[in-house]
Amino acid sequence: MARGAPGDRSLLAPLLLPTWAVIGLFMVVPVAVMSLYSFLTREFRGGVDWTFTLSAYDQFFFDRGLFGDERPRLEWAYISIFWRSIWQAAVATVLCLLVGFPTAWFIATRPARSRAVWLFLVTVPYWVNLLIRTVSLRFLLRDTGPLNQALMGLGLIDVPLPIVNTNFAVQVGLFYSYLPFMVLPIYAAVERYDFALSEAAADLYASRWTALREVVLPLVKPGIVAGCLLVFVPSLGAFLAPDLLGGAKTFMIGSLIDEQIKGSQGNWPFGAAVAVILMTLVLIALLLYARAITRERPA
Amino acid sequence: MKGVRHYPGFTAVAVACLLVLYAPMVVVAVYSFNGSTSLTTWGGASLRWYADVFTGPEAERFGLATWNSLTIALIAATLSTAIATAAAMAMVRGGRFRGKSATFALINLPLMVPEIVIAVATLIFFSTIGLRTGYLTVLIAHVTFCIPFAYLPIAARLEGIARTYEQAARDLYATRWQAFRLILLPLLMPGIVSGYLLAFIISLDDFIITNFVKGAGMETLPTAIFGSVKQGIKPNVMAISTMLLAVSILFVSLSYLINRRGQKTPAQQGDPA
């Protein structure tokens, strides 16, 4: 019954061809070309020379002194940018989790009607221009912005809190950018959770919080892991939050790539190499996630 | 026994969550009506910055950028929705076939690769094949990354429509094309419209990829706004941002309502699964 009429298959290729062609030609091929590019030699006129070299990766990981003839030492400048990006993305993920889980739980325990409204309200910001949202956040948090004015007006502080251009501002920006990504998968998991299990735990004298820790969390873990991934991955390569909310000291991977590709001192093979390293990190995160969910399943 | 569902403090966090999500947007919307030239001192409600957007010194730049943004979003949403509809038909109705999971991964690729990586890769690709960056390159990039956004609601809707409708049509001697056009397409419409609207706003909102592949001189609304913001947040930028915000919210609300109304049609309840 569920099988299609014979001959349906003849349509498969023509129906899928546009998708294969467009995404294949304009996304898969470009990523391959970019990976190739990262192994090419930089020409000083700004172009590339088609000779194979590892110099972009060498420049990323090693410092060979000003003239390139010293013994290679580990180059920390770029590694520390990656390390900072990972740290910033991790802090943003934890912030999202701390706010996202209670929110998702709250929404999932509403009656069906208001649940839809809450979900809608959480989803809308995702569809609103991220640039405008980030600019708005900068406006709100500025030294002379509405938040500082309000706090000073209330007499809580005497001098404006310097929030903008700090690591904290970037973390808040990432948190604010990707919060809906945390709420939605956790909501989906909590919605499937059978609350009778919590009642059983309560009958067996578990406190609310013990039940949450011992019963709920293990069951909704896949949703939590998915949410963390959905926040962490875009945060890692974010450009707008560090660029608009941070300062020179908050440089992240996205800004580094932007500078190498679009800046006047740019180095395309190096920029491509940084993008390849970022993509590899994301791939590792996705693989860890895939392993985590396949391990959950049989249990 | 409602007790186990309630955790003290969770309600407060949920309310705070919405407050955090909306406060910056609301603040900018309110200040866009500020009559004062100063950013932060309130000079009474006024529409002067909205007038400035249309008649001020930057009016021509914003007008051109708006035209580019709207035409690109229109074309990109149309093409990507057509491509995604075809793909959804094959993926949902085509049964099992070789390469199905690879195709699924391909469709979702634009969602999994970080935006900045797509941006760099696309720019390097266009530069390698010698295509001058400009309107066309932006359009191609937009069609590509809009496909998964159009695909998801269409495929979800199609999965909910029972095959019996098409089979009945076929039994009554409808050709395959007639069964699709007269029976399936009207049932699928809410998904298609919803996917189209989402693709449209995703294209309208994109900044990072556009900023890389647009080349010098060509602007879309987000890149024009970014350029202005880099020289300091000005009240006219807040006015134009508020308008873009309103358009996005309108489109999402429409997409949501159409999808929800669609779910109440009998086809969705007749699903044998």
Within 8 Å of another protein chain (Cβ to nearest Cβ) and among the β-branched types (Val, Ile, Thr): does that describe A:Val282?
yes
Counting only residues that are in contact (Cβ under 8 Å) with a residue 12 or more places away in the chain and either among the hydroxyl-bearing types (Ser, Thr, Tyr) or facing chain A (nearest Cβ under 8 Å) (or both), how many does the range B:127-139 have?
3
Hey, among B:Thr66, B:Thr85, B:Thr122, which residue is closer than 29 Å to B:Tyr165 by Cα, part of a helix (DSSP H, G or I), within 22 Å of the chain's Cα centre (by Cα) and β-branched (Val, Ile, Thr)?
B:Thr85
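Could you list all residues from the range B:200-220 that are under 20 Å from B:Leu123 (Cβ atoms) and in a helix (DSSP H, G or I)?
Correct list: B:Ile202, B:Ser203, B:Asp205, B:Ile208, B:Ile209, B:Thr210, B:Asn211, B:Phe212, B:Val213.
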Selection within the range A:200-221 - part of a helix (DSSP H, G or I) and either within 25 Å of A:Ala116 (Cα to Cα) or of a type in the set (Phe, Trp, Tyr) (or both):
A:Trp209, A:Leu212, A:Val216, A:Leu217, A:Leu219, A:Val220, A:Lys221
Please go through (1) more than 10 Å from every other protein chain (Cβ to nearest Cβ); (2) in a helix (DSSP H, G or I); (3) exposed (fewer than 15 other Cβ atoms within 10 Å of the Cβ) for B:Val30 and return the number of the only condition it doesn't satisfy.
(1)
Kindly indicate the residue of the range B:39-76 that is surrounded by fewer than 18 Cβ atoms within 10 Å (Cβ to Cβ) and of a type in the set (S, T, N, Q) and also nearest to B:Pro235 (Cα to Cα) among those meeting that condition.
B:Thr40
Candidates A:Ala56, A:Ala77, A:Ala112 - the one that is modelled with pLDDT under 90, among the aliphatic types (A, V, I, L, M) and touching a Pro at 6+ places or on another chain (Cβ under 9 Å)
A:Ala56
Only residues that are in a helix (DSSP H, G or I) and either more than 7 Å from every other protein chain (Cβ to nearest Cβ) or in contact (Cβ under 8 Å) with a residue 40 or more places away in the chain (or both): list them for the range B:4-15, please.
B:Ala12, B:Val15
Would you point out the residue of the range B:77-111, among those that are surrounded by 21 or more Cβ atoms within 10 Å (Cβ to Cβ) and of a type in the set (Val, Ile, Thr), that is nearest to the other protein chains (Cβ to nearest Cβ)?
B:Ile83
So, in the range A:245-261, how many residues would count as being away from every other protein chain (no Cβ under 11 Å) and of a type in the set (Asp, Glu)?
1
Scan the range B:203-229 residue by residue and report those that are within 9 Å of chain A (Cβ to nearest Cβ) and free of Cβ contacts under 8 Å to residues at least 12 places away in the same chain.
B:Val229
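Which is more than 13 Å from chain B (Cβ to nearest Cβ) and either in a helix (DSSP H, G or I) or crowded, with 16+ Cβ neighbours inside 10 Å (or both), of A:Arg71, A:Arg84, A:Arg115?
Unique residue meeting the criteria: A:Arg84.
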Residues that are more than 7 Å from chain B (Cβ to nearest Cβ) and either under 19 Å from B:Gly232 (Cβ atoms) or over 20 Å from the mean Cα position of the chain (by Cα) (or both), drawn from the range A:121-137
A:Thr134
Say whether the condition of being crowded, with 20+ Cβ neighbours inside 10 Å and more than 29 Å from A:Thr41 (Cα to Cα) is met by at least one residue in the range A:248-260.
yes
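The values are calculated or read from the model by the stated rules, or taken from the named source; none is laboratory data. A quick note: this is a predicted structure, and the numbers were derived from the prediction, not measured. Virtual Cβ from ideal backbone geometry, glycine too; neighbours counted across all protein chains shown.
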